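Everything on this sheet refers to the single structure shown next.
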Amino acid sequence: MVRRVAVVGAGVSGLAATKCCLEEGLEPTCFEQSENVGGLWYYTDQAEEGRASIYRTVFTNSCKEMMCYSDFPFPDDHPNYMHNARLQHYICKYAEHFDLLRHIQFKTLVTKVKKRPDFSVTGQWEVVTRRDGKEETAVFDAVMVCSGHHVYPNLPLAEFPGIQKFKGCYFHSREYKEPEKFRGKKVLVIGLGNSGCDIAVELSTVASQVYLSSRSGSWVMSRVWDNGYPWDMLVITRFRTWLGNILPRAISDWLYVRGMNRFFKHENFGLMPLDRTSRKEPVFNDDLPSRIACGVVVMKPNVKEFRETSVLFQDGTVQDDVDVVVFATGYSYSYPFMEDDSIIKCRDNQVTLYKGILPPRLEKPTMAVIGLVQSLGPIIPTADLQCRWAVKVFQGQCTLPPVSEMMDDIDEKMGKKLKWYGNSTTLQTDYISYMDELASAIGVKPSVLKILLTDPQLALKVFFGPCSPYQFRLVGPGSWSGARKAILTQWDRTLQ
């Protein structure tokens with residue numbers, strides 16, 4: 001039986017893992033290399049080795065009603081979208097409220113996680129940690145890897161000929177903290193993700209000119225949607241997911257593109273995705289279109305080559321006197337503490353996990369990777385539900401199919417990813433379908449028809465309203481008495 005669980009990292013996923021273990025009577029020990037909880041959201045003035053790093057002005061892309069822990073709503077007076085410092089405060093309050101801090105060992109780095117010699121019988125792991133220069137080894141019955149995937153920067157310099165002779169300065173967006181030192185400079189930002197757009201917009205207030213280069217374009221969404229409501233409370237609903245599943249693909253694609261172009265035509269702004277019907281994660285930026293319209297951000301295609309002080313783009317245009325290049329080129333997934341990397345990347349060096357959580361080829365299912373999925377939905381409730389599922393698997397209350405069936409399930413989902421996102425290696429998945437799949441397996445998925453018979457008002461809110469995290473605390477193990485009220489009052493808190 002699993003009893004002692006090692007949790008790697010005390011970010012939003014690690015705290016959820018620690019709490020789930022405690023609720024199920026397990027003994028978690030959470031190892032965190034920094035001196036505070038929050039992971040990605042714990043801001044520091046310098047990027048630290050082995051830790052996620054954010055810039056000073058990061059705000060959330062999900063609103064407070066959608067991104068909270070499912071049994072711990074944000075205070076009523078918090079704004080819908082939060083600055084990182086306010087979110088960090090909420091995360092600390094969550095850790096205090098559920099008494100998680102005493103299970104966390106701060107300033108402790110996990111250096112090695114390896115199977116014990118008798119793993120095939122016991123499923124136990126040896127975890128080596130380092131604190132104050134001293135190494136310690138302990139044995140655990142299970143491991144929950146919650147170290148995130150925004151730690152190891154992807155800096156593909158080989159794809160940019162001539163970068164060695166470029167005389168300006170260049171760095172990965174992970175190193176960026178604030179705009180002041182770029183005042184009056186010409187800056188090129190490469191990468192049209194959330195970080196690239198945020199940094200380009202912020203720099204445009206001080207730089208003499210900002211260029212934003214994109215290889216394949218992207219949909220750009222506003223946080224503020226119809227009638228000024230948060231986008232995710234209107235877009236992430238069971239009704240819309242159901243509609244998307246029953247409509248023919250051509251109609252669903254047409255509606256998708258029309259919805260994305262509702263505020264401005266992407267083509268006119270040089271933002272149009274190459275594959276217009278791909279559901280790859282959009283960028284959230286309320287200011288980018290107006291910055292482009294004002295000419296302070298200029299859209300550019302992919303870079304063809306760097307020269308000493310200029311840049312040649314794929315369309316043949318040349319930009320002279322570029323001072324700074326920011327590579328907002330994302331991150332690679334790496335688990336340097338795993339002695340055997342093939343446990344998580346068991347095929348073609350790609351992350352291969354059953355339900356996005358469990359390495360399928362382990363003799364005993366005693367490892368879970370939490371938070372390694374992306375969806376058009378918030379990560380906190382996703383990680384929370386992943387932890388609830390993983391702990392049930394550890395305890396044998398959630399039975400797993402044979403390895404061949406797990407691999408078939410992974411392959412089937414890879415096929416869907418190709419169809420929807422144009423890329424099988426992406427971590428993307430459909431938010432509501434994924435949440436329902438995990439919730440069904442542990443008996444916490446709300447049945448709209450059942451609720452309709454006893455509580456029609458709630459049933460309508462659950463189906464047509466936002467699919468907020470409280471829905472996964474209405475029934476079954478871990479249900480929360482405040483869930484119904486939280487759903488019925490979510491719009492009041494949004495307006496407040």
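A few notes on this one:
- Test: residue 475 is open to solvent by 10 Å² or more (accessible area, probe 1.4 Å) and modelled with pLDDT of 95 or more: yes
- Selected residue (only one of 284, 269, 263 is closer than 29 Å to residue 182 by Cβ, open to solvent by 70 Å² or more (accessible area, probe 1.4 Å) and under 29 Å from the mean Cα position of the chain (by Cα)): 263
- Condition check for residue 243: open to solvent by 30 Å² or more (accessible area, probe 1.4 Å) and part of a helix (DSSP H, G or I): yes
- Pick from region 214-238, criterion touching a residue at least 40 places away in the same chain (Cβ under 8 Å) and in a helix (DSSP H, G or I), ranking: nearest to residue 289 (Cα to Cα): 231
- Only residues that are of a type in the set (Lys, Arg) and outside any helix (DSSP H, G or I) were counted across region 430-464, and they come to 1.
- The residues of region 363-409 that are among the small types (Gly, Ala, Ser) and over 30 Å from residue 232 (Cβ atoms), listed by number, are 396, 404.
- Strands (runs of 3 or more DSSP E) fully within region 122-175 counting 1 or more residues that are not hydrophobic (A, V, I, L, M, F, W, C): 125-131, 134-140, 169-172
- Hey, residue 457 within 17 Å of residue 237 (Cα to Cα) and over 25 Å from the mean Cα position of the chain (by Cα) or not: yes
- Scanning region 165-185 for residues that are in contact with a strand residue (DSSP E or B) (Cβ under 8 Å, 6 or more places away or on another chain) and open to solvent by 50 Å² or more (accessible area, probe 1.4 Å) yields a count of 4.
The values are calculated or read from the model by the stated rules, or taken from the named source; none is laboratory data. None of these values were measured; they are calculated from a predicted model. All Cβ positions, even for glycine, are placed from backbone atoms using ideal geometry, and neighbour counts span all protein chains on display. Each accessible area value is taken on the protein alone, full model and side chains, heavy atoms only, with ligands, DNA and RNA left out. Shrake-Rupley method; radii C 1.70, N 1.55, O 1.52, S 1.80 Å.
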